[in-house]
Amino acid sequence: MAAIELRNIVKVFSDKRRGRDLLTLDNINLDIEANDFVCLLGPSGCGKSTLLNIIAGFEQATSGRTLVDGKQVERPGSDRGVVFQQPTLMPWLTAIDNVAFHLKLKGVAKTERHDHAMEFIDLVGLRGFEHHHPSEMSGGMNQRVGIARALLMNPSVILMDEPFAALDAQTKLEMQEELVAIWQKRRCTIVFVTHSVDEALVLGNKIVVMTRRPGRIREAVNFDLPRPRDITSPEFNDAKRHILALIREESTRLAQAS
Amino acid sequence: MTSVTDVSPVRPAFRLTRAFQGLERLVVPALLIAGWEAFARSGMLPPALLPAPSAVLHALGDWVFGFDETTQTYSGHWLRDALASALRVFGGFALASLLGILAGVAIGWSRLFEKTLEPTLQMLRPIPPVSWIPLAIIWFGIADKPAIFLVFLGAFFPVLMNSIHGVKTVDHNLVRAGAMMGANGRQMLTDIVLPAALPSIFAGLRIAVGSAWMLTVTAEMVAVKSGLGYVLWDSYYFLRYDIVLAAMISIGLLGYLSDLGLKAIMARTLRWQQTTTVQGRAR
């Protein structure tokens, strides 16, 4: 049994003001195995975030079935950790209280939940900043808190929606390396949404290329280049060429259609 | 050999600006008072109609400390009068805050409350609190109650409106994050929506405390026989404009102090909010 099973997912947004329906996701079928690092790659507006939100339970598919660990997804829950595009931390809580928020909701005592959260503060390299508020930290540090917060719940999958899009190039590279290290150390399933071919190739061992609206899966590419990955190696470039060709084919098809 | 003090001399001009910085906020009031005093002493108006600041200060001093009975029956009674007004303000404001926050959060959070409660409240809102005075008097008589009722009316709506706004504008993604971490309905309200709405709720409380003072004084002019507003109105009948002005100053001062108190509570509660000025300096 796959960790995540998507069966015939269709999502239609009804645009009430213009009185028409918008087909966003068109019959998505995808299996994601446990401990996979899957990158959903596609242009903006292709519905990749919508797909992630459906797995997270934030949105309902118009039809189709979403199973996580064999269970039908009906609402958001702590079995699926989400890292948002913006850190989306509780601004009134310190870093450690943000990380431990899940434990607070479960009614765990303060010292116990702080002890537990400290392990994840360490994991994302934020020791010394645990008592800072989000407004006192940089975007990258806040995003680390967001990742630690999702990891602490020990979820079956971690869903990430372009979490590094708002970071500068250098911080982005650091964060990508750290994320891979964390994934290797903790052996978790990650679904990572991105529009960057390079980012997908640095991170994923499975790259799902999606088409422009309506979103369909163009191809799911397995990519097992050993890590740390050399982004100048021939293998990396071969894979990149293949994926870029898929994307280009797609835009030519669109150009011809119009 | 040069000593350390030679390296970084403190320039006198610099020290002067530093000294001035503490005083800059006093410049405008000082000029206004000096101008007023000069105008009052020039004799263009009879002193009974425009008392000089010194006369007002004299009246205020006697009202507070009772040293020469310039203010006759009020001499030395300031604390009692101020306390009477302050208690009405506090009573009405506390009631308005409690109910305003409760109703505001309920309306902002639940469609049901929004549909059932909000239209009625929004219809009551444009009615000036002062226009309730006739009803307040026949319902509650001439005492503290009508004043507290008016204060409540004036303070309730700012708290209500800002609480609704605060809850409605909570970042949608924070609610999603809460759901992702397993918050149930009650936790969503107490642990996410309420703290997120606090800055807006406090803004409402600060507007409300100002309205509260305004309405206490209004009520005391009409429906109550004690407090700063009563002294103000009573002195007007005897053409004691120095006491009228002393009462106005007292109200302004107490209103300002209530706001300072509220601001202090707000600063403690919202310590997480790093306030930045336009220049980008953190304060």
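Quick note: the coordinates plus some simple rules give every number you see, no bench work behind them. Since this is a predicted model, take the numbers as computed values, not measurements. Note that we place each Cβ from the backbone using ideal geometry, even for glycine, and neighbour counts take in every protein chain shown.
Within 10 Å of each Cβ in peptide B:180-189, how many partner chain Cβ atoms are there on average? Round it to a whole number, please. Kindly include the intermediate steps, with their values, before the conclusion.
Details: counts 19, 17, 9, 6, 1, 0, 0, 5, 1, 0.
Taking the mean over all residues of the peptide, I get 6.
Between B:GLN273 and B:PHE39, the distance separating the two model label sites (each 7 Å from Cα on the Cα→Cβ line) works out to 3.8 nm.
Over 19 Å between Cα atoms, which of A:LYS110/B:LYS168; A:LYS11/A:LYS48; A:LYS104/B:LYS168 qualify?
Numbers: A:LYS110/B:LYS168 30 Å; A:LYS11/A:LYS48 11 Å; A:LYS104/B:LYS168 24 Å.
Beyond 19 Å between Cα atoms: A:LYS110/B:LYS168; A:LYS104/B:LYS168.
Under 22 Å from the Cα of B:LYS225, which lysines turn up, not counting those fewer than eight places away in the same chain? Hits, sequence-local ones excluded: B:LYS145. Working note: 222 nm ellipticity from helices only, DSSP H runs with n ≥ 4, each -39,500 (n - 2.57), summed and divided by the residues of chain A, gives -11500 deg cm²/dmol to the nearest 500.
Placing +1 on the Cβ of every Lys and Arg and -1 on the Cβ of every Asp and Glu, with no other charges, gives segment A:44-182 a dipole of roughly 440 debye about its Cα centre.
Between the C-alpha center of segment B:181-203 and that of segment A:46-113 there is a gap of 17 Å. Beta bridges from DSSP with both residues in chain A: antiparallel share about 50 percent, rounded to the nearest 5. Each peptide in A:213-223, B:98-108 was scored by the mean count of other Cβ atoms within 10 Å over its residues; highest first, the order is B:98-108, A:213-223. Length gained on full extension, A:GLU119 to A:GLU249: 42.2 nm, using 0.36 nm per residue less the C-alpha separation. The listed peptides A:182-191, B:224-233, ordered by packing as a protection proxy, come out as B:224-233, A:182-191 (highest mean of other Cβ atoms within 10 Å first).
Let me know the shape class of chain B, please: from the alpha-carbon gyration tensor, a ≥ b ≥ c as square roots of the eigenvalues, rounded when a/c is under 1.5, otherwise prolate if a/b is greater than b/c, or oblate. Here chain B falls in the oblate category. Charge tally around B:ALA247: other residues with Cβ under 12 Å, Lys/Arg +1 each, Asp/Glu -1 each, net -3. Its DSSP H runs of at least 4 residues, each contributing -39,500 (n - 2.57), put the calculated 222 nm mean residue ellipticity of chain B at -23500 deg cm²/dmol, to the nearest 500. Annotation for A:GLU136 and A:GLU219: the two label points, set 7 Å from Cα along the Cα-Cβ direction, are 5.1 nm apart. Modelled this way, with points 7 Å down the Cα-to-C-beta line, the labels at A:GLN86 and A:LYS16 are 2.4 nm from one another. Does anything in segment B:201-230 have its amide N under 20 Å from the 7 Å Cα→Cβ label point of B:ILE265, and if so which residues? Taking a point 7 Å out along Cα→Cβ of B:ILE265, the residues of segment B:201-230 whose backbone N falls under 20 Å are B:201-217.
Once you sort the root eigenvalues of the Cα gyration tensor of the protein assembly as shown as a ≥ b ≥ c, which label holds: rounded (a/c under 1.5), prolate (a/b larger than b/c) or oblate (the other case)? The shape class here is prolate. Working ranking of peptides B:127-138, B:196-207 by packing, defined as the average number of other Cβ atoms within 10 Å per residue, highest first, is B:196-207, B:127-138.
Taking the Cα centre of chain A as origin, work out the dipole magnitude from +1 charges on Lys and Arg Cβ and -1 charges on Asp and Glu Cβ, in debye rounded to 20.
Values: 33 positive and 33 negative charges, 182 e Å.
Here the size comes out at about 880 debye.
A Gaussian network model of chain B, with springs between Cα atoms under 10 Å, assigns the largest mean-square fluctuation among B:VAL167, B:VAL89, B:VAL209 to B:VAL167. Take the alpha carbon gyration tensor of segment A:169-217, find the square roots of its eigenvalues, order them as a ≥ b ≥ c, and report rounded if a/c is under 1.5; if not, report prolate when a/b exceeds b/c, else oblate. Verdict is oblate for segment A:169-217. Shielding of peptide A:82-88 by partners, expressed as the average count of other chain Cβ atoms within 10 Å per residue Cβ, is 4. Counting neighbouring beta carbons within 10 Å and listing from fewest to most, the residues B:SER97, A:SER63 come out as A:SER63, B:SER97. Each of A:THR232, B:THR70 was scored by other Cβ atoms within 10 Å of its Cβ. Arranged with the fewest first, they read A:THR232, B:THR70. With a Förster radius of 22 Å applied to the C-beta separation of A:LYS240 and A:ARG186, the computed FRET efficiency comes to 0.20. All other residues whose Cβ lies under 11 angstrom from that of B:GLU220 are scored, Lys and Arg at +1 and Asp and Glu at -1, for a net of -1. Using the Cβ of B:MET188 as centre and a radius below 14 Å, the other residues enclosed give a net charge of +2, where K and R count +1 and D and E count -1.
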